[in-house]
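Take a look at the structure below.
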Amino acid sequence: MESFFALQLDYYLTRSMTYHRSGCGPTRDVFVTIALTNNAPAFGLPAYVNTRLDKHDYPTQPGDNRTLLDYYATSGAQLLSATLNDKPTTVAVQNDLGHPIFRVDLELPRGTTQTLTLHLSEPAGKGEPLVWRQPGVTPLAVTYFSQPCG
């Protein structure tokens, strides 16, 4: 996950990810849920923290943030669907060294949580999932389930 506006507000960002993989055939069914919460205070932050440099045609309040969320998937993974706060959404698909990257531009109003869920089909693999954690003030909270296959 990478923030590209109001970087100072990332201090108030909490992040969590749940990864659930099931199935034992040549492909596995995967649900990835990523929640980002903006805990910025309503008052007391200096202007250099709250100033927005991006262009937008909607109103914003002090403490609102905007972030670019990238999820790097397993090589060969296919996106089946995506929801943002339980509503269907579109996701940009890119590629890096054979890994699909699913990207969403998120507005994070102060005091809210945005929850992205990706439903993927991944090639079967062995072992536990590898989770790369981008450093942040608050560490990424990760929970995962991977159905064991004989």
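The values are calculated or read from the model by the stated rules, or taken from the named source; none is laboratory data. This structure is a prediction, so every number in the text was calculated from the model and none was measured. Positions of Cβ are backbone-derived with ideal geometry, glycine not excepted, and every protein chain shown enters the neighbour counts. The protein model used for the area step is the full one, side chains on, heavy atoms only, and it has no ligands, DNA or RNA in it. Shrake-Rupley method; radii C 1.70, N 1.55, O 1.52, S 1.80 Å.
Here are a few things to note about the model shown:
- Residues (assigned to a loop (DSSP other than H, G, I, E, B) and either under 22 Å from the mean Cα position of the chain (by Cα) or surrounded by fewer than 17 Cβ atoms within 10 Å (Cβ to Cβ) (or both)) located in the stretch 27-55: Asn39, Ala40, Pro41, Ala42, Phe43, Gly44, Pro46, Thr51, Arg52, Leu53, Asp54, Lys55
- Meets criteria (out of contact with any Lys or Arg (no Cβ under 7 Å at 6 or more places or on another chain), of a type in the set (S, T, N, Q), farther than 21 Å from Val131 by Cα and open to solvent by 90 Å² or more (accessible area, probe 1.4 Å)) for Thr90: yes
- Residue list for the stretch 110-132, filter: of a type outside the set (A, V, I, L, M, F, W, C) and either closer than 15 Å to Leu69 by Cα or exposed (fewer than 13 other Cβ atoms within 10 Å of the Cβ) (or both): Thr113, Gln114, Thr115, Thr117, Pro123, Lys126, Gly127, Glu128
- Flag if Tyr58 is part of a loop (DSSP other than H, G, I, E, B) and of a type in the set (Phe, Trp, Tyr): yes
- In the stretch 61-80, the residues that are closer than 20 Å to Thr113 by Cβ and either open to solvent by 40 Å² or more (accessible area, probe 1.4 Å) or in a strand (DSSP E or B) (or both): Gln61, Pro62, Asn65, Arg66, Thr67, Leu68, Leu69, Asp70, Tyr71
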